[in-house]
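This report concerns only the one structure given below.
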Amino acid sequence: MSEPGPSARRERRQAVNLPRAARRVPPPPPMPLEPPENTAPLKPAPKLPAELIQSIVDYACEDLQPSAERKTCRNLALIGRDWREIAQRRIFREVAIASTDTLARAAAIFSNSPCAVGRFVRDLALHLTLEEPRQEDLAQLYETCNGLSSLNLTANHENMCTLVSSLLSTPAGRAVGVMRLRLAEYTTPAVDLSIFDELNSLPNLTRWQTVIADALTLSNSRINGHLFLTQLYIGFAPVGDVERVTRRLVKHGTPHWDLSELRAGDLCFWRLGKQVIQAIRAASSITSLRIFDCRRGDIDDICDILNAYPVLENFDIEGEMLSTNETQQLFEAIPRSLITANLELGGTFKTDTNRQLLHNFLQMRKSAALRRVRLPFLRCADLWTKDVRPDGSIWKHARIQEYSTTDG
């Protein structure tokens, strides 16, 4: 490698001996204040449509557990204002409250939130069986949930009266369309159920259901501006006085027991009692009836009920084995409007005589509305279906689980 020449060494020595200020690098020339004409100004990022944001949030929360879904929505809400409202709408869509402390906290959050998150609540569930709720908290909660669609209330009788009475004349009460009220105790005849009559005043309420001790269910639907009992379930009750409740409802004729528009009944027959049977027999508008746990001695009352139902379409009976005369009596009582029948009566149709009664019944109903008859047994079921053809109808028989079919 060649050594630098004398002139280069001389210039280096002179630069080292210069003062510090003289050795500074000169500053660059100043930049022009105005941008060049060919430079475009910066633009904000394009705003995503709300529909696209909604699709992204839905996709991100798909198949997630509730806790993971809420965490994901909280993270998405940090992106921007548009994302926050859509994420909050999903977070607060379903709200469940199971204590008075949670009720007070939710009421405060909904009332003080600058975003008014209470308007996002669509499904609200209150489960208050032990502690008595404060009416002030309920008033705040009902006042902010002005977009409510469904309300599920579970409480003892005293708390239920508070929950219902506080709902009336509030934005939540005016908006709610479906309600389910579950009394978490056995209601005695002394308990006043008239508070529920005021639900008729809620303008958008189309359906509500009252469940008493998981053994009595009254389902009401709005017909011609009024809520009528349309579905009735009377089931098993391990303890308590459900029978006395039904008798009391019949005796006082409250709107809970207006059977003029009853459409479906699901009845544990031996629980009914004569007074209730007479009331149910008068419900001639029933189209679907299921009777279970019936005894041989009940066949007369069952046939009286069937004779009183001219528009019955679906009939399901479960009970003890019937004799030949009782089987014939049952077939004669089935109305011609019936479309499907499920006859689970022990070994009734294992005898040749009763089997022949079934064949006679099917032949007589070839031209009627009947389309399907099912006979459940222990490990299989016989299914009879009508095949309507231009040259006439025939019954097809199939034994389920054995997959054999024959024409009959």
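The values are calculated or read from the model by the stated rules, or taken from the named source; none is laboratory data. These numbers come from a predicted model, not from an experiment. Every residue, glycine as well, gets a Cβ built from its backbone with ideal geometry; the counts of neighbours run over all protein chains shown.
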Looking at Arg84, is it modelled with pLDDT of 75 or more, part of a helix (DSSP H, G or I) and among the basic types (Lys, Arg)? yes
Only one of Glu136, Glu69, Glu143 is part of a helix (DSSP H, G or I), within 25 Å of Ile56 (Cα to Cα) and not small (Gly, Ala, Ser), namely Glu69
Taking the range 95-112 and the residues there that are surrounded by 15 or more Cβ atoms within 10 Å (Cβ to Cβ) and assigned to a strand (DSSP E or B), the one that is nearest to the chain's Cα centre (by Cα) would be Val95
Apart from one, (1) assigned by TED's automatic domain parsing to the domain that holds Arg374; (2) within 30 Å of the chain's Cα centre (by Cα); (3) over 17 Å from Arg372 (Cα atoms) all hold for Phe315; the odd one out is (3)
Test Gly265 against the criterion of being modelled with pLDDT of 90 or more and small (Gly, Ala, Ser), and give yes or no.
-> yes
Here the qualifying pairs (Cβ atoms under 8 Å; residues six or more apart or on different chains; first in the range 104-128 and over 13 Å from Glu143 (Cβ atoms) and modelled with pLDDT under 90; second assigned to a helix (DSSP H, G or I) and basic (Lys, Arg)) come out as Cys115/Arg84; Phe120/Arg89
Scanning the range 266-300 residue by residue, those touching a Gly at 6+ places or on another chain (Cβ under 7 Å) and either part of a loop (DSSP other than H, G, I, E, B) or without any contact (Cβ under 8 Å) to a residue 12 or more places away in the chain (or both) turn out to be Ile286, Arg295
Going by what's in this entry, would Ile91 be described as under 30 Å from Ile212 (Cβ atoms) and of a type outside the set (Asp, Glu)? no
Would you call Ala68 of a type in the set (Gly, Ala, Ser) and exposed (fewer than 13 other Cβ atoms within 10 Å of the Cβ)?
-> yes
If we keep only residues of the range 194-229 that are aliphatic (A, V, I, L, M) and over 20 Å from the mean Cα position of the chain (by Cα), then the residue surrounded by the most Cβ atoms within 10 Å (Cβ to Cβ) is Ile195
Of the residues in the range 113-161, those that are surrounded by 19 or more Cβ atoms within 10 Å (Cβ to Cβ), touching a strand residue (DSSP E or B) at 6+ places or on another chain (Cβ under 8 Å) and hydroxyl-bearing (Ser, Thr, Tyr) come to Thr154
Take the conditions within 25 Å of Ser288 (Cα to Cα), of a type in the set (S, T, N, Q) and over 36 Å from the mean Cα position of the chain (by Cα) and apply them to Thr353. Does it pass?
no
